Amino acid sequence: MTIDELDAWIRLLAARIHERAAELTALDRAIGDGDHGINMDRGFAAVVTAMDAAVTAGTPVGAGTTSLAVILRALADSLGG
């Protein structure tokens, strides 16, 4: 997988999660606290924001482990339980 493919895959994943957030939340409500879709949507929105910021700063995804770490940190920091 190339860096461009990884970037596109993450962005597509974020878009799909956003499209299905309500469904994910409804499924979670049946067995849990009903926040899974909300949290995943928020988390992947933060990832895309971090990716965009990295590109703007001149360090796109894959420019090194530091940019990947920033993206993963954005996901971890924005997700709930």
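FYI, it's all coordinate maths here, none of it is from the lab. Computed from a predicted model, the values in this text were never measured in an experiment. Virtual Cβ from ideal backbone geometry, glycine too; neighbours counted across all protein chains shown.
For residue 40, are the conditions met, namely being touching a Pro at 6+ places or on another chain (Cβ under 9 Å) and closer than 14 Å to residue 78 by Cβ?
Details: touching a Pro at 6+ places or on another chain (Cβ under 9 Å): no; closer than 14 Å to residue 78 by Cβ: yes.
Criteria not met by residue 40.
Within the bounds of the range 42-53, is there any residue that is touching a Gly at 6+ places or on another chain (Cβ under 7 Å) and outside any loop (DSSP other than H, G, I, E, B)? Please lay out each step first, then the result.
Initially, the range 42-53 is screened for residues touching a Gly at 6+ places or on another chain (Cβ under 7 Å), giving none.
No, the range 42-53 has no match at all.
Going through the range 4-37 one residue at a time, which ones are assigned to a helix (DSSP H, G or I), under 17 Å from residue 78 (Cα atoms) and either among the small types (Gly, Ala, Ser) or in contact with a Cys (Cβ under 9 Å, 6 or more places away or on another chain) (or both)?
14, 15, 21, 37
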